[in-house]
């Protein structure tokens, strides 16, 4: 059965697509069947839209803790499926330093 993982940054433009790509690489190396998606929590979705979107995933990874406290706490049915990676918004897409951090961090979850 395919697992579904969602990676959320602020706008879904730099960190979250990088995390999804690195996670996909790790899953492939391990032979795991995981579908990766990414997006942003600050893209203007209302509570109902956000609820419907995030609750279709088995695991939800956010870049910063504020994303849980400010946006997801009120919409996620099971808070045990939400994980914070604690990655500040100071990386560009595919930043080499970010990729290195992710290679280490994501091995704990995938």
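Annotations
- The range 51-70, residues that are at pLDDT 90 or above, under 22 Å from residue 1 (Cβ atoms) and surrounded by fewer than 16 Cβ atoms within 10 Å (Cβ to Cβ): 56, 58
- Considering residues of the range 1-16 that are in contact (Cβ under 8 Å) with a residue 40 or more places away in the chain and surrounded by fewer than 18 Cβ atoms within 10 Å (Cβ to Cβ) only, the residue nearest to residue 102 (Cα to Cα): 13
- From 99, 22, 76, 48, residue being touching a strand residue (DSSP E or B) at 6+ places or on another chain (Cβ under 9 Å) and either at pLDDT below 90 or in a helix (DSSP H, G or I) (or both): 76
- The condition (being closer than 22 Å to residue 2 by Cβ and surrounded by fewer than 16 Cβ atoms within 10 Å (Cβ to Cβ)) is satisfied by just one residue among 73, 78: 78.
The values are calculated or read from the model by the stated rules, or taken from the named source; none is laboratory data. Everything quoted here is computed from the prediction, not taken from an experiment. Methodologically, a virtual Cβ is constructed for each residue, glycine included, from the backbone with ideal geometry; neighbour enumeration extends over all protein chains shown.
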